[in-house]
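Only one structure is covered here, and it is reproduced in the block below.
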Amino acid sequence: MIPVRDDLRALEGYHSPQVDVRVRLNTNESPLPPPAAWRDAFAAELSRIEWHRYPDRQATELREAIGAMHGVPADMVFAANGSNEVLQTILLAYAGFGRTVATFEPTYQMHAQIARVVGSTVVEGERNADFTLDPAEMRRVVDAARPHVVFLTSPNNPTGLVEPAERVVELLDIAPGLVVADEAYAQFADWSALSLLDEQRPLVVTRTFSKTWSMAAVRLGYVVGPTWFISELDKVALPYHLDVAKQIAGRLALRFTDEMDDRVRLIVSERERISDAMRSLPIDVTPSGANFVLFRPQTIGGRALWAELLERSILVRDCSGWPRLADCLRVTVGTPAENDEFVAALQEILR
Ligand code: PMP
């Protein structure tokens, strides 16, 4: 056996266990597929592809379409295979060996994971017990570590909390490096850091097609940021990293914004319904601006509740063994019927 890089030896991969169940509410996907008209348009364009040619390396039409949606030019947009690859590309360009990345925990595990894989030092700031972020802690971490990249996830995963605009502005005022706002779930929330984008500010915003656009299978994400930032990403992205089918899939999806908005409205109203139902039970519920809810049962252990749900063929994410999340579970908002089953199971188990 050949030894792996010394700094990777202690690192574990990212795990999201899948079990065959009737009601799958564990990976924050959309419970609904994209519109049939999107599928038809996609199939029609696929039939015209010149498969022996490389795709457009710049993904020009896709980036123009994304830019048009956000009211920015294509040279403020970079797309890649899921927002995870976008995050990796950002960290390869702006972090990497010898540089420092800051996160505020608990948050999306891949920020620290990718940072470590690209050789960066990770500094973990702490959140309050209610998972909000104390400006004093933010300042402490920034002053102590002088990070090259700082992440804020809004809405945060796995807590669901939306970071207030003031917090992002405060961070921008003190951060010595790049501020990455991970907005994988932003359409479910009531504000977006996109409104703060400015050529003079080191703020970038990442988004994904995996959630609101119902396209997790496609693996497509993007970042919007200043042109000086976007142009550096080309140096680390692999040639032709975005295949032709994905470029088409993403471009066509943006023709169905109304359907996307309808799905988001349904999920937000279902999120409030299951949050209220859980609050009427002995459960602590974290207010969510996303398509999932973090909760903690008061009368039974988190792991025990997870197992009881699984016995009823309902799978939620077990966060109970994660640092800072003792006894917490995370449920993705499903279809109304799936949510009914989830709530009924909780009532049966906890009453
Ligand atoms: N950011 C956050 C906060 C997420 O929760 C996820 C998905 N779990 C991602 C990024 C990655 O999404 P994808 O790679 O599917 O775009």
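The values are calculated or read from the model by the stated rules, or taken from the named source; none is laboratory data. What you are looking at is a predicted structure, and each value in this text was computed from that prediction instead of being measured. For neighbour counting, all protein chains shown are included, and Cβ atoms are generated from backbone atoms with ideal geometry for every residue, glycine included. Surface accessibility is based on the protein's heavy atoms, side chains included, excluding ligands, DNA and RNA. Shrake-Rupley method; radii C 1.70, N 1.55, O 1.52, S 1.80 Å.
Under 6 Å between Cβ atoms, at least 6 apart or on separate chains: pull out the pairs that start in the stretch 291-317 with a residue that is farther than 22 Å from Arg271 by Cβ and end on any residue that is open to solvent by 20 Å² or more (accessible area, probe 1.4 Å) and hydroxyl-bearing (Ser, Thr, Tyr).
Short answer, once both residue conditions are applied: Arg303/Ser320.
I need every pair where a residue in the stretch 12-26 that is more than 21 Å from Ala112 (Cα to Cα) and outside the structural domain of Ile314 (by TED's automatic domain parsing) has its Cβ under 7 Å from the Cβ of a residue that is of a type in the set (Val, Ile, Thr) and in a loop (DSSP other than H, G, I, E, B), sequence separation at least 6 or different chains.
If the second residue must be of a type in the set (Val, Ile, Thr) and in a loop (DSSP other than H, G, I, E, B), no pairs are left.
The rows are residues; the columns are (1) in a helix (DSSP H, G or I); (2) basic (Lys, Arg); (3) more than 30 Å from Ile66 (Cβ to Cβ).
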residue	(1), (2), (3)
Leu242	no, no, no
Leu252	yes, no, no
Asp262	yes, no, no
Ile267	yes, no, no
Gly289	no, no, no
Ile300	no, no, yes
Leu315	no, no, yes
Gly321	no, no, yes
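Looking at Thr332, Thr299, Thr286 in this structure, which one is touching a Phe, Trp or Tyr at 6+ places or on another chain (Cβ under 7 Å), of a type in the set (Ser, Thr, Tyr) and more than 18 Å from Ser16 (Cα to Cα)?
Exactly one of Thr332, Thr299, Thr286 is touching a Phe, Trp or Tyr at 6+ places or on another chain (Cβ under 7 Å), of a type in the set (Ser, Thr, Tyr) and more than 18 Å from Ser16 (Cα to Cα), namely Thr286.
Out of the stretch 122-180, which residues are closer than 27 Å to Leu11 by Cβ and of a type in the set (Asp, Glu)?
If the condition is that a residue be closer than 27 Å to Leu11 by Cβ and of a type in the set (Asp, Glu), then Glu124, Glu126, Glu137 are the ones that fit.
Quick check on the stretch 214-246: of everything there that is of a type in the set (Val, Ile, Thr) and open to solvent by 20 Å² or more (accessible area, probe 1.4 Å), which residue is nearest to Asp261 (Cα to Cα)?
Checked the stretch 214-246; the qualifying residue nearest to Asp261 (Cα to Cα) is Val218.
So for the stretch 219-227 (the condition being in contact (Cβ under 8 Å) with a residue 24 or more places away in the chain, near the ligand (Cβ under 9 Å from one of its atoms) and part of a loop (DSSP other than H, G, I, E, B)), does at least one residue qualify?
Checked against the condition, which is being in contact (Cβ under 8 Å) with a residue 24 or more places away in the chain, near the ligand (Cβ under 9 Å from one of its atoms) and part of a loop (DSSP other than H, G, I, E, B), the stretch 219-227 yields at least one hit.
Of the conditions (1) buried (at least 22 other Cβ atoms within 10 Å of the Cβ); (2) closer than 24 Å to Glu126 by Cβ, Arg303 fails just one. Which one is it?
Just one mismatch for Arg303, condition (1).
For the stretch 274-289, give me each residue that is in contact with a strand residue (DSSP E or B) (Cβ under 9 Å, 6 or more places away or on another chain), under 22 Å from Glu105 (Cβ atoms) and touching a residue at least 60 places away in the same chain (Cβ under 8 Å).
Thr286, Pro287, Ser288
Out of the residues in the stretch 4-35 that are outside any loop (DSSP other than H, G, I, E, B) and under 25 Å from the mean Cα position of the chain (by Cα), state the one that is farthest from the ligand (Cβ to nearest atom).
Here the answer is Leu8.
Among the candidates Arg273, Arg265, single out the residue that is surrounded by 15 or more Cβ atoms within 10 Å (Cβ to Cβ), out of contact with any Phe, Trp or Tyr (no Cβ under 9 Å at 6 or more places or on another chain) and either at pLDDT 95 or above or not aromatic (Phe, Trp, Tyr) (or both). Break it down stepwise before answering.
Numbers: Arg265 fails: surrounded by 15 or more Cβ atoms within 10 Å (Cβ to Cβ).
Of the residues listed, the single one that is surrounded by 15 or more Cβ atoms within 10 Å (Cβ to Cβ), out of contact with any Phe, Trp or Tyr (no Cβ under 9 Å at 6 or more places or on another chain) and either at pLDDT 95 or above or not aromatic (Phe, Trp, Tyr) (or both) is Arg273.
Take the residues of the stretch 168-213 that are open to solvent by 20 Å² or more (accessible area, probe 1.4 Å) and among the hydroxyl-bearing types (Ser, Thr, Tyr): which is nearest to the ligand (Cβ to nearest atom)?
Ser192
Residue by residue through the stretch 63-89, note down the ones that are more than 15 Å from the chain's Cα centre (by Cα) and either part of a strand (DSSP E or B) or within 15 Å of the ligand (Cβ to nearest atom) (or both).
Answer for the stretch 63-89, where residues must be more than 15 Å from the chain's Cα centre (by Cα) and either part of a strand (DSSP E or B) or within 15 Å of the ligand (Cβ to nearest atom) (or both): Ile66, Val77, Phe78, Thr89.
Within the stretch 151-167, count every residue that is away from the ligand (no atom under 15 Å from the Cβ) and among the aliphatic types (A, V, I, L, M).
Restricting attention to the stretch 151-167, the residues satisfying the condition of being away from the ligand (no atom under 15 Å from the Cβ) are 164-167.
Going one step further and asking which of them are among the aliphatic types (A, V, I, L, M), we end up with 165.
The qualifying residues number 1.
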